[in-house]
1. Hey, fewest Cβ within 10 Å first, where do ASP67, ASP80 land in order?
2. In the chain, which helices (entire DSSP H runs) extend 20 Å or more along their own long axis, judged by Cα positions, while averaging at least -0.5 on the Kyte-Doolittle scale?
3. Which value, in nm² and rounded to one decimal, describes the direction-averaged projected area of the C-alpha convex hull of the chain?
4. Give me the percent of DSSP beta bridges within the range 2-153 that run antiparallel, rounded to the nearest 5.
5. Taking 8 Å as the Cα distance limit and 6 or more residues as the minimum spacing, I'd like the relative contact order of the range 2-153 as a percentage.
6. Roughly speaking, what is the stretch gain from SER13 to ALA58, that is 0.36 nm per residue apart minus the C-alpha to C-alpha distance, in nm to one decimal?
7. Extending each Cα 7 Å along its Cβ direction at THR77 and ARG32, get the distance between those two points in nm, one decimal.
Amino acid sequence: MKVRLLSIGKDRSGLFEPAVQEYARRLEHYTRFELIELTEASGKKLKPGEAKAAEAAAILARRKPQDWLVALDERGTLLDSVALGRYVGKAQTGAKDLLFVIGGDEGLDDTVRAAANQVLSLSKMTLPHRLARVVLIEQIYRAFTILKGEPYHK
């Protein structure tokens, strides 16, 4: 199984990237893992709403037939860490790859949510996209430790 985390934009602050890289390194112990950063369309000269549509097209172009697409959206389902672990385990036994997607500043286009196998919310609170990426990658790592019965989860 392969896990990919696709996000729109880069961490310009430098605050979050070290944590993302640390968890990406840890995840390699459990699975093939890839971080994908796509360029924000909002910086281009597009009409309102066109940026989300352009980003959606770029996101969906990266989806492979064997991927379970998990879209991060504030309107999604809230899962605890154990439930996320079960979801990851189900993907493993189903020989599926996981593609987690975090949208840009304007969020995800409806086409991405509609194409998703799972729409997931990390919190009812609004999180900066870069912070959401740290939280998500840590939770993916935690899911693998739960599946292996390792003490990290406690």
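1. ASP80, ASP67
2. Values: long enough: 129-147 (27 Å, 0.74).
Correct list, ordered by number: 129-147.
3. Details: hull surface 35.5 nm².
Reported value for the Cα convex hull: 8.9 nm².
4. Roughly 5 percent of the beta bridges in the range 2-153 run antiparallel, per DSSP.
5. 33 percent
6. Using 0.36 nm per residue and subtracting the Cα-Cα distance, I get 13.8 nm.
7. So the two model labels end up 2.7 nm from each other.
The numbers here are math on the coordinates, done by the rules we state, and not lab data. Model, not experiment: these values are computed from the prediction. Neighbour counts run over all protein chains shown; Cβ positions are idealised from the backbone, glycine included.
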